[in-house]
Amino acid sequence: MKEQRKESGKNKHSSGQQNLNTITYETLKYISKTPCRHQSPEIVREFLTAVKSHKLT
């Protein structure tokens, strides 16, 4: 009985990991087709510096 639980737990973890992998893949695929694919850390940094004086947060 305990071994069945262990195996069941492994399958759930494996299934959960597969779901996470699918979500990650689909998200990256979607993002690669949007304008945000052109963003870089430097562009984001420049934007944050530009809006800092507006005290949005």
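General observations
- Some residue of segment 46-54 being of a type outside the set (V, I, T), at pLDDT 95 or above and surrounded by 10 or more Cβ atoms within 10 Å (Cβ to Cβ): yes
- Some residue of segment 12-34 being polar (S, T, N, Q), modelled with pLDDT of 85 or more, assigned to a loop (DSSP other than H, G, I, E, B) and out of contact with any Ser or Thr (no Cβ under 8 Å at 6 or more places or on another chain): yes
- Every condition in (1) modelled with pLDDT of 90 or more; (2) surrounded by fewer than 10 Cβ atoms within 10 Å (Cβ to Cβ); (3) among the polar types (S, T, N, Q) holds for T57 except the one numbered (1).
The values are calculated or read from the model by the stated rules, or taken from the named source; none is laboratory data. Model, not experiment: these values are computed from the prediction. Positions of Cβ are generated from backbone atoms using ideal geometry, with glycine treated the same way; all protein chains shown enter the neighbour counts.
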